[in-house]
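Report on the following structure.
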Amino acid sequence: MDAYIASGKTEKAYQLFDDTIELYLYEQGIKPSNKMFDLVTRLGEQFEHSSASLKEIQDHLKEDEEARGGYICSYPVFLGIYQAISRIAERSGQMIYLMLCTIVDTKGNILNKGEKLEELSPRLEEAIRTTIRRSDIMNKYNKGQYLVLLMNTTMENCEIIEKRINEKFMINRQRISVKYYVSPLW
């Protein structure tokens, strides 16, 4: 990544970062090093845009109006959003919760690998994304775990969200379930 950044090949550097994140987080369950995140920060600092009006910039920043459900993003983006939202919540007093959704077996053990996990992970992702609001943010932390930032809500609403996710995720009498951990941001 250093070499790509130094030579101005930003697209290749981002692709390498995405591939590495995929390998580390999703396949190995390992968090990438701080050095890797520093490299991505340096990479982002290299982008320069041509002059534009505020209206043009806003038009470029706008999200597709058709997007439904929660906002799903990569871990580095989620990390940045989490840190920014933590600052906002600290000042505004809004109640924001971090939810961890983990696929577990009948004994409560985390599923880390296997064919069943490969089948269940996309189903859980879809259940979460279609349950949470557009203003909520989610991230696939690894194959069996998802992080969700629930904005401006209550602990009681978090429990309702858990039930709704379960209704969409659980099929027939499957023995696999989802374990939820919820914590306020501040």
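Every number in this text was worked out from the coordinates using simple rules, so none of it is lab data. Bear in mind the structure is a predicted one, so any value in this text is a computation, not a measurement. Cβ sites come from the backbone with ideal geometry, for glycine too, and all protein chains shown count toward neighbours.
Sequence-distant contacts, meaning Cα pairs under 8 Å at least 6 residues apart, place the relative contact order of the chain at 27 percent. Across the cross-link table entries Lys107/Lys168; Lys35/Lys143; Lys113/Lys168; Lys12/Lys140; Lys12/Lys62; Lys116/Lys140, which are compared at the Cα atoms, the separations over 19 Å belong to Lys107/Lys168; Lys35/Lys143; Lys113/Lys168; Lys12/Lys140; Lys12/Lys62.
When the helices in the chain are scored as -39500 (n - 2.57) per DSSP H run of 4 or longer and the sum is shared across all residues, what 222 nm value do you end up with, to the nearest 500 deg cm²/dmol? Numbers along the way, then the final one.
Working: 7 runs with 87 residues, N = 186.
Dividing the helical sum by the residues of the chain leaves -14500 deg cm²/dmol.
Sorting Ile132, Ile96 by the number of Cβ atoms found within 10 Å of their own Cβ, with the fewest placed first, yields Ile96, Ile132. Counting beta carbons within 10 Å around each of Ser33, Ser121, Ser86, Ser53 and listing the fewest first gives the order Ser53, Ser33, Ser86, Ser121.
Which of Leu54, Leu100, Leu149, Leu185 has the fewest other C-beta atoms within 10 Å, and how do the rest follow up to the most?
Working: Leu54 7, Leu100 14, Leu149 23, Leu185 18.
Final ranking by Cβ density, sparse to dense: Leu54, Leu100, Leu185, Leu149.
Computed from label points 7 Å out along Cα-Cβ, the spacing between Thr106 and Trp186 is 4.6 nm.
The candidate values were (i) 27, 19, 16; (ii) 23, 21, 17; (iii) 31, 23, 15; the one computed from these coordinates for semi-axes √(5λ) of the Cα gyration tensor in Å carries the label (iii).
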